[in-house]
Amino acid sequence: MSKQTPALKIENLVKRYKDGFQALNGISFNVKQGDFYALLGPNGAGKSTTIGIICSLVNKTSGNVEIFGYNIDSDFAKAKRLIGLVPQEFNFNSFEPIFEIVKNQAGYYGITPNIAKGKAEETLNILGLWEKRKNTPRELSGGMKRRLMIARALIHDPQLLILDEPTAGVDIEIRRSMWELLQKLNDDGRTIILTTHYLEEAEYLCRNIGIINDGNIIIDTSLRDFLDQLKKETFILYLKDSISSPPVINDADIVVYDEKTLEVTPKEQQTLEKIFLQFAQLDIEILSMRNKSNRLEELFMNLVKK
Ligand SMILES: Nc1ncnc2c1ncn2[C@@H]1O[C@H](COP(=O)(O)OP(=O)(O)O)[C@@H](O)[C@H]1O
Ligand SMILES: [Mg+2]
């Protein structure tokens, strides 16, 4: 396999569910070998649908998916072998001992029981779960359960690790330790793709990002370019009360539409948070906002709500 072959290649992927709902409208994007890629988008955007198709758990309506050059239809077994999936929901048997859960997973990949035992031990050690090997998932903390999901996904040494919202609803400490772990796994040369609705998570971990919204990829670029682009966005703010004169905000250009509507363009180096803080200090309450180009509207709404 040449270094140029992408770890993941998606072309014109369409998914229409049985009820007629079209969740993916012909998306295309590539993930390079060794990359750390975030598929970022609000709830219902199509992230899990995309992951499901990549992992052959969901049937696609049309389009092509290749894993390290192997087509998921014509080279199903080879493609599948290269992927480790950490699904969004816990889905292990709560009464089975940790060691068995990880070891038995190896069976699905044709790994012989003896080798599986050794692999399970190695993987549980890496994930810091060896001490808990005789316990059942019910006896693990939330963070340990997440690590168990990762241990199980790594048992067959996949080149591509895919995690579907690995830190959704997880407290900040566990999130940090998960981030460190994922970074280590990526440093070892594994390609990692994760889905998230936290911009912060993508920002911390990833080199490249795709933003998905309503079944369309609206951005596919490096994290650095994306953040640069964000800085140049222009926002429309809707105010609660009328203002008599334009507010003076540091490092932002303000255009007044009417007494309750402003256009704000942050200058280089300025962050939205700091701009909002200045509005708050001036006692100007912002009812809602959208970005002028409309492309990222939903995403920003989610970010602003936090
Ligand atoms: N089995 C299904 N049948 C019909 N619609 C579905 C099904 N699964 C998901 N959807 C819809 O497809 C859209 C994308 O869902 P999903 O891929 O789970 O989004 P995300 O993971 O980004 O939150 C949503 O509108 C969801 O309601
Ligand atoms: Mg999802």
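Every read-out reported here was derived from the displayed coordinates using simple, explicitly stated rules and does not represent laboratory data. Note that the structure is a prediction, hence the values are computed from the model and not measured. Using ideal geometry, Cβ is built from the backbone for each residue, glycine included, and neighbour counts are taken over all protein chains shown.
Taking the Cα centre of segment 72-178 as the origin, how large is its charge dipole in debye, to the nearest 20, when only Lys and Arg (+1) and Asp and Glu (-1) carry charge on their Cβ atoms? Numbers along the way, then the final one.
Numbers: 16 positive and 14 negative charges, 51 e Å.
Around 240 debye, computed over segment 72-178.
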* To do: Could you calculate the contour length gain from ARG224 to SER245, that is, 0.36 nm times the residue separation minus the distance between their Cα atoms, to one decimal place in nm?
  => 4.0 nm
* Mind scanning LYS32/LYS60; LYS78/LYS145; LYS80/LYS117; LYS9/LYS78; LYS103/LYS134; LYS15/LYS145 and naming the pairs with a C-alpha gap bigger than 19 Å? => LYS32/LYS60; LYS78/LYS145; LYS80/LYS117; LYS15/LYS145
* Asked: Order of 49-56, 94-101, 269-276, 152-159 by packing, highest average Cβ count within 10 Å first?
  -> 49-56, 152-159, 94-101, 269-276
* Let me know the Rg and Dmax you get for segment 1-156 when you use only its Cα atoms, in Å. => 17.2, 48
* Mind checking the full-extension length gain between TYR238 and GLU139? Use 0.36 nm per residue of separation minus the Cα-Cα distance, one decimal, nm. => 30.7 nm
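So if each residue of separation counts as 0.36 nm, and I subtract the Cα-Cα distance between ASP258 and ASP188, what length gain in nm does that give? Walk me through the numbers on the way to the answer.
Details: separation 70, 0.36 × 70 = 25.20 nm, distance 5.50 nm.
That pair, ASP258 and ASP188, stretches by 19.7 nm at full extension.
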* Structure fact -> Given Cβ charges of +1 for Lys and Arg and -1 for Asp and Glu, the option among PRO42, ASN125, THR167 whose Cα lies farthest towards the positive end of the dipole of the chain is ASN125
* Roughly what % antiparallel, to the nearest 5, for the DSSP beta bridges in the chain? -> 65
* Asked: Which Rg and Dmax, in Å, describe the Cα atoms of the chain?
  -> 22.3, 77
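How big is the dipole moment of the chain about its Cα centre under a simple scheme where the beta carbon of each Lys and Arg is +1, that of each Asp and Glu is -1, and everything else is neutral? Debye, nearest 20, please.
1200
When only C-alpha pairs under 8 Å and at least 6 residues apart count, what is the relative contact order of the chain, in percent?
Working: 560 pairs, mean separation 59.3, N = 306.
The normalised contact order for the chain reaches 19 percent.
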* Computed helical MRE - 222 nm, the chain, DSSP H runs ≥ 4 contributing -39500 (n - 2.57), nearest 500 -> -10000 deg cm²/dmol
